[in-house]
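Reading through the structure tokens given below for one structure.
The values are calculated or read from the model by the stated rules, or taken from the named source; none is laboratory data. Model, not experiment: these values are computed from the prediction. We place every Cβ from the backbone using ideal geometry, glycine too, and count neighbours over all the protein chains shown.
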Amino acid sequence: MQEALTIGQLAARSGVAPSALRYYERLGLIRADRTGGNQRRYHRGELRRVAFIRIAQQVGISLEEIRAALDSLPAARTPTADDWTQISTVWRDRLTEKIRLLNRLRDDLDGCIGCGCLSLRRCSLYNPEDQLSDEGPGPRLTLPR
């Protein structure tokens, strides 16, 4: 069970294309040893790192932020639950805000589009006479200021 994984095996187990794994390695997100024939060999623990990368990307965390988080993990041992908890606390407030925004979008978007006007100038519910244009660009009612 301790044997290292080839890039193909890591790709199959993680669901990430080999090209993406090579990119992650180039960015320093994952690490591989090399054989005498210069082939990549990944420790099984890299599966956890790849899973973390995929999930973090899905919630909008940049690869730069992911790398900083992964760099805080110990290199000489398998990360513990406490190590992962420490990383998650850094992102907790940000993820909570993202959840709030997604909930608001889910709850309000159908009402706005559902009215049928599709016009900022005619919207009597959220933006009569396009009054929000004076406050600046973008979705003023949805995004935090």
Scanning segment 21-47 residue by residue, the ones that are surrounded by fewer than 16 Cβ atoms within 10 Å (Cβ to Cβ) and closer than 23 Å to W91 by Cβ total 5
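Checking the condition out of contact with any Pro (no Cβ under 8 Å at 6 or more places or on another chain), surrounded by fewer than 11 Cβ atoms within 10 Å (Cβ to Cβ) and among the hydroxyl-bearing types (S, T, Y), which residue from T96, T6, T80 passes?
T96
Considering segment 52-100 alone, what residues qualify as being among the small types (G, A, S), assigned to a loop (DSSP other than H, G, I, E, B) and at pLDDT 85 or above? So that I can check it myself, show each step before the final result.
In the first step, residues of segment 52-100 are kept if they are among the small types (G, A, S); the result is 56, 60, 62, 68-69, 72, 75-76, 81, 88.
Next, only the ones that are assigned to a loop (DSSP other than H, G, I, E, B) stay: 60, 62, 72, 75-76.
Within segment 52-100, G60, S62, S72 qualify.
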